[in-house]
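Just below is one structure, and these are the notes that go with it.
The values are calculated or read from the model by the stated rules, or taken from the named source; none is laboratory data. As the structure is a prediction and not an experimental result, all values here were calculated from the model. No Cβ is skipped: glycine too gets one built from the backbone with ideal geometry, and neighbour counts run over all protein chains shown. Heads up: the accessible areas ignore ligands, DNA and RNA and are worked out on the full protein's heavy atoms, side chains in. Shrake-Rupley method; radii C 1.70, N 1.55, O 1.52, S 1.80 Å.
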Amino acid sequence: MSDIMTPIPFGKMMNWILEEHKKGAIFGIRRPFVADQSKKYEIFGRTLETPFGPAAGPHTQLTQNIAAAYYAGSRFFELKTVQIIDGEDLPVSKPCIKADDECYNCEWSTELYVPQAQEEYIKAWFLLSVMAKEYGLGAMDGFQFNMSVGYDLEGIKSPKIDLFIESMKDAKDTETYKNCREYLLENVSMFKHVTKEDIEGFSSNIFNSVTLSTLHGCPPQEIERIATYLIEVKGLHTFIKCNPTL
């Protein structure tokens, strides 16, 4: 098995889900969680069916992992952290985190290039919306994506990361959003419950919140500058991960 993460085209992923579900599972998960529509939460002005979900990591870097987490009951997803140095350009070896007991990290940060990560997140946004309606798992707007960025203000303000942030705040003009939407509209006959009107009504506002991930030793003043930028300039609800510096 390769240790390189390889994105799967949206159409193939959609077909995979539809075919495997006929056998009673989605990505190996056989006990789907169905949200109780009488019990809903709200955060940042958006509906949230459960206050649970995965933190940033390899499990939120690829579309199928996000879909599997949703099927199992997750509704709040901290997407894998993006940074200016990405993909194979990142000068670190696997694993990037060493644990002497109980666990072994097998990834590095931002293993995909930032544009690839954006594609995965938009594909997942569509898949979860479809799964919600098609399989009666909950409302199509009952989950939320939370962006994770790092690791310094200069990198976050770079054209690469700035484009990512703005494109994910409203993805309607991205090629990935257009392609996923077009694919679903052209193949709406595949679904029993999802309609053309549902697909046309999918929101393009992927997220309105962000988590700041900083490296160990990052000065508190730098963390404050980044948080201020994300809140005041980017208009994003902001979480700050507390590393040992704090």
Review point. Is it true that residue 166 is over 18 Å from residue 116 (Cα atoms) and either modelled with pLDDT of 95 or more or assigned to a helix (DSSP H, G or I) (or both)?
Key: no
Exercise for review: Might you let me know whether region 145-154 holds any residue that is open to solvent by less than 20 Å² (accessible area, probe 1.4 Å) and in a helix (DSSP H, G or I)?
Suggested key: no
Exercise for review: Report the residue count in region 29-58 for those that are at pLDDT 95 or above, touching a helix residue (DSSP H, G or I) at 6+ places or on another chain (Cβ under 9 Å) and either among the aliphatic types (A, V, I, L, M) or over 19 Å from residue 129 (Cα atoms) (or both).
Suggested key: 2
Practice item. Could you list all residues from region 124-178 that are within 14 Å of the chain's Cα centre (by Cα), within 30 Å of residue 32 (Cα to Cα) and of a type in the set (A, V, I, L, M)? Key: 124, 127, 128, 147, 168, 171
Point to revise | Near pairs, Cβ below 9 angstrom, 6+ apart or cross-chain, from region 188-201 (under 18 Å from residue 125 (Cβ atoms)) to any residue that is hydroxyl-bearing (Ser, Thr, Tyr) | key: 188/195; 194/129; 198/129; 199/129
Review point. Tally time: how many residues in region 17-33 are touching a residue at least 24 places away in the same chain (Cβ under 8 Å) and surrounded by 10 or more Cβ atoms within 10 Å (Cβ to Cβ)?
Key: 8
Exercise for review: Would you mention how many residues in region 159-187 are touching a residue at least 60 places away in the same chain (Cβ under 8 Å), open to solvent by less than 10 Å² (accessible area, probe 1.4 Å) and within 23 Å of residue 232 (Cα to Cα)?
Suggested key: 3
Exercise for review: Return the total of residues in region 30-68 being aliphatic (A, V, I, L, M), within 20 Å of residue 13 (Cβ to Cβ) and touching a Gly at 6+ places or on another chain (Cβ under 9 Å).
Suggested key: 1
Exercise for review: Only residues that are closer than 25 Å to residue 210 by Cβ and either in a helix (DSSP H, G or I) or without any contact (Cβ under 8 Å) to a residue 40 or more places away in the chain (or both): list them for region 1-16, please.
Suggested key: 10
Point to revise | Yes/no for residue 149 being touching a strand residue (DSSP E or B) at 6+ places or on another chain (Cβ under 7 Å) and in contact (Cβ under 8 Å) with a residue 12 or more places away in the chain | key: yes
Review point. So which residues in region 202-246 are of a type in the set (Val, Ile, Thr) and under 19 Å from the mean Cα position of the chain (by Cα)?
Key: 206, 210, 211, 214, 238, 240
Review point. Checking residue 44 against (1) under 22 Å from residue 117 (Cβ atoms); (2) surrounded by 13 or more Cβ atoms within 10 Å (Cβ to Cβ), which single condition isn't satisfied?
Key: (2)
